[in-house]
Amino acid sequence: MPDAIGFDVYGTLVDPQAMRTQLETVAGDRAGQMAQLWREKQIQYTFRRALMQKYENFDVCTEQALTFTAKSLKLNLRDEDRTRLTEAYRHLPTFPDVLPAIRRLKQAGFKLAAFSNGVEASVRALLEHSGILPHLDAVVSVDDLKTYKPDPRVYRHLAKRLGSSLKKTWLASSNAWDVIGAKAAGLRAAWIKRNPEEFIDPWGIAPDLVAPTLQDFSSQLQGT
């Protein structure tokens, strides 16, 4: 059993694809495409900046990814649209399974943290808005180290911040690349497979648990 669990935030606790509704006002029936491309470029920018050691925080990556996405789809975003959309990204909705699972794990005695590429202040505001923050022991951001997942240093930083050994620290993430990163760094990891059609990269690195929701993860982890 673990001592501590770090939860990825974007895609695991909150749903970036919920931006589709907000994007309909600027992209119409291409809102889903825009939401997907925005998310893909956002992640890509974090990878590239980490590799180049040209760090800019996650809020900057998110804004730059929006600019790229709008240009790619030949959309002319007004300043007020850009401000509204980036603000909406700071209020993404949580998945319905999140709060019950976190409450259950907290009651079971686990030390819990949000573990994110996001800036700590932005993540705290996001999770406070959703009611999750009071149930967490910490918010751990890669911004502390000025790099991004899956740099092994950030996973070790999570364990250190939670006062736990690598083998007693778990990552729960819906992102397969994040799971692989945690395992490669020596942590244990659960893949929250929210999309049943996704599959993990064939690197010979498998998650310790696979669960469709955080509630199912909680049950598997506790053997119930």
* To do: Considering only the range 88-140, state which residues are polar (S, T, N, Q) and touching a residue at least 40 places away in the same chain (Cβ under 8 Å).
  => THR94, SER116, ASN117, SER122, SER130
* Any idea which of TYR155, TYR89 is open to solvent by less than 50 Å² (accessible area, probe 1.4 Å) and within 14 Å of PHE7 (Cα to Cα)? -> TYR155
* Just name the residue that is surrounded by the most Cβ atoms within 10 Å (Cβ to Cβ) out of those in the range 67-86 that are touching a residue at least 24 places away in the same chain (Cβ under 8 Å) and not in a helix (DSSP H, G or I). => LEU77
* Asked: Can you find even one residue in the range 1-12 that is modelled with pLDDT under 95, open to solvent by 40 Å² or more (accessible area, probe 1.4 Å) and either under 21 Å from ALA113 (Cβ atoms) or not in a loop (DSSP other than H, G, I, E, B) (or both)?
  -> yes
* Taking the range 158-177, which residues are surrounded by fewer than 18 Cβ atoms within 10 Å (Cβ to Cβ), farther than 24 Å from ASP59 by Cα and touching a residue at least 24 places away in the same chain (Cβ under 8 Å)? -> GLY163, SER165, LYS168
* Asked: Counting only residues that are free of Cβ contacts under 8 Å to residues at least 12 places away in the same chain and assigned to a helix (DSSP H, G or I), which one in the range 45-66 is surrounded by the fewest Cβ atoms within 10 Å (Cβ to Cβ)?
  -> MET52
* Structure fact -> Scanning the range 200-224 for residues that are surrounded by 11 or more Cβ atoms within 10 Å (Cβ to Cβ), free of Cβ contacts under 8 Å to residues at least 24 places away in the same chain and either in a loop (DSSP other than H, G, I, E, B) or small (Gly, Ala, Ser) (or both) gives TRP203, ALA206, ALA211, PRO212, SER219
* **Subset of the range 178-197 (residues that are open to solvent by less than 10 Å² (accessible area, probe 1.4 Å) and basic (Lys, Arg))** => none
* To do: Go through the range 184-199 and give me each residue that's assigned to a loop (DSSP other than H, G, I, E, B) and either in contact with a Lys or Arg (Cβ under 8 Å, 6 or more places away or on another chain) or within 14 Å of LEU221 (Cβ to Cβ) (or both).
  => ALA185, GLY186, LEU187
* Can you tell me how many residues in the range 106-137 are over 15 Å from the mean Cα position of the chain (by Cα) and assigned to a strand (DSSP E or B)? -> 1
* Asked: How many of the residues making up the range 18-44 are closer than 28 Å to LYS146 by Cα and open to solvent by 40 Å² or more (accessible area, probe 1.4 Å)?
  -> 3
* hydrophobic (A, V, I, L, M, F, W, C), touching a helix residue (DSSP H, G or I) at 6+ places or on another chain (Cβ under 9 Å) and either modelled with pLDDT under 95 or in a loop (DSSP other than H, G, I, E, B) (or both): does that describe LEU99? -> no
* Answer from LYS146, LYS167 - the residue that is assigned to a helix (DSSP H, G or I) and among the charged types (D, E, K, R) -> LYS167
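The values are calculated or read from the model by the stated rules, or taken from the named source; none is laboratory data. What you see is a predicted model, and the numbers here were worked out from it, not measured in a lab. Virtual Cβ from ideal backbone geometry, glycine too; neighbours counted across all protein chains shown. In case anyone asks, the SASA skips ligands and DNA or RNA and just uses the protein heavy atoms, side chains included. Shrake-Rupley method; radii C 1.70, N 1.55, O 1.52, S 1.80 Å.
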